[in-house]
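Input: a single structure, listed below in structure tokens.
The values are calculated or read from the model by the stated rules, or taken from the named source; none is laboratory data. The model shown is predicted, which means the values in this text are computed figures rather than measured ones. All Cβ positions, glycine included, derive from the backbone under ideal geometry; neighbour counts span all protein chains shown. Surface areas here come from the heavy atoms of the whole protein model, side chains and all, with no ligands, DNA or RNA. Shrake-Rupley method; radii C 1.70, N 1.55, O 1.52, S 1.80 Å.
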Amino acid sequence: EYVDKSSLIPLINAMLNSENRYSCVTRCRRFGKSMAAKMLCAYYDKSCSSRELFRGLKAEHDPSFETYLNQYSVLYLDVTSFTARPELRKNIVWAMQDKIICELKEAFPDVKYRENSDLMDVLSAIYHATGERFFFIIDEWDAICREFPERQKMKGDPDTVAPTILDEYVMLLRRLFKTQASNKVFAGAYLTGILPIKRYNTESALNNFREYSMIYPGTLATSLGFTHEEVEKLCEKHGMDIQDMERWY
């Protein structure tokens, strides 16, 4: 059974290359976060032709559909694919960066990279050499926040907190999305997770992201999860009682 949620695409298109280019969708589990993220990946990814996937769907009828179809290099990161590997736990943030950097250098072998470049350095080098801009999708962005929440006191100095994996991760996100180069390198970014954008000490680590939660879904309300009308149609199609379904869910 498929319910057309491609209406998400023109909404994200409208925010590309603007001050609103950074979006974060937070939902509890099993609400289609990853499916929506992969749909965006298929739509924007310039390494494939995905036109047929969207034939007859809502997105195809929007004027912006042709403009951005398969126009960007897409970075897709599923953070849980790293948190699920015990051998990476101590160096997980480094491992994520290293994996993406290796793939970028394979995709752009003619670009000159400085030694000891971090991920943002590599992306900036590619942009300045080729003009290439990226759409970054991070699925389960908060997995590290859930897996590594602990903070440690420095030995001999109880008032000082030692840097942790969570610190490293937050600094990576800030480096990617809150520097002067960010708006040049990224046409847009789309994060999904269970938790809200991480509040770090007294400041928001990523306060330039617009959050779309279940309580405040904003313009994405009908594009994430099923509407009442959609559930009614599904119940009618499969001979189910809508009131029974409402009692269950």
One quarter of the convex hull surface, Cα atoms only: what value does that give for the chain in nm²? 16.9
Can you tell me the equivalent ellipsoid semi-axes for region 1-125? Use √(5λ) from the Cα gyration tensor, largest first, whole Å. 29, 20, 13
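Using the structure shown, select from LYS58/LYS178; LYS33/LYS58; LYS33/LYS105; LYS46/LYS112; LYS46/LYS99; LYS38/LYS184 the pairs with a Cα to Cα distance greater than 26 angstrom.
Those over the limit are LYS58/LYS178; LYS33/LYS105.
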Taking the dipole about the Cα centre of the chain, with the C-beta of Lys and Arg at +1 and of Asp and Glu at -1, give me whichever of VAL25, LEU224, PHE134 is farthest to the positive side. PHE134
Filter the chymotrypsin sites (Phe, Trp or Tyr not before Pro) in region 81-119 to those in DSSP coil with at most 14 other Cβ atoms within 10 Å of their Cβ, and list the result. none
I'd like the GluC sites (Glu not before Pro) in region 88-135 restricted to DSSP loop residues with at most 15 other Cβ atoms within 10 Å, sorted by number. GLU115
Compute the accessible area per residue over the chain, keeping the other protein chains in place, probe 1.4 Å, unit Å². 58
If amide H atoms are modeled at 1.01 Å from N in the peptide plane, then the residues at a separation of 5 or more from PHE186, or on another chain, having amide H under 5 Å from its own are PHE134
Determine the relative contact order of the chain: mean sequence separation of Cα pairs under 8 Å and six or more apart, normalised by residue count, in whole percent. 30
Cα lying deepest toward the dipole's positive end in region 1-127, options LEU119, THR80, ASN13, charges on Cβ: THR80
Can you compute the charge dipole magnitude of the chain about its Cα centre, using +1 on each Lys and Arg Cβ and -1 on each Asp and Glu Cβ, nothing else charged? Give it in debye, rounded to the nearest 20. 520
I'm a student and want to see the number: the projected area of the Cα convex hull of region 164-249, averaged over all directions, in nm². 8.8
Within straight-line cross-link reach of LYS90, aspartates and glutamates at Cα separation under 16 Å, skipping those fewer than 8 residues along the same chain: ASP98, GLU147, GLU150, ASP167, GLU168
Over the chain, with every protein chain in place, what whole percent of the accessible area is carbon and sulfur at 1.4 Å, could you tell me? 51
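In deg cm²/dmol, rounded to 500, what helix-only [θ] at 222 nm does the chain give when every DSSP H run of at least 4 residues adds -39500 (n - 2.57) and the total is split over its residues?
-10500 deg cm²/dmol
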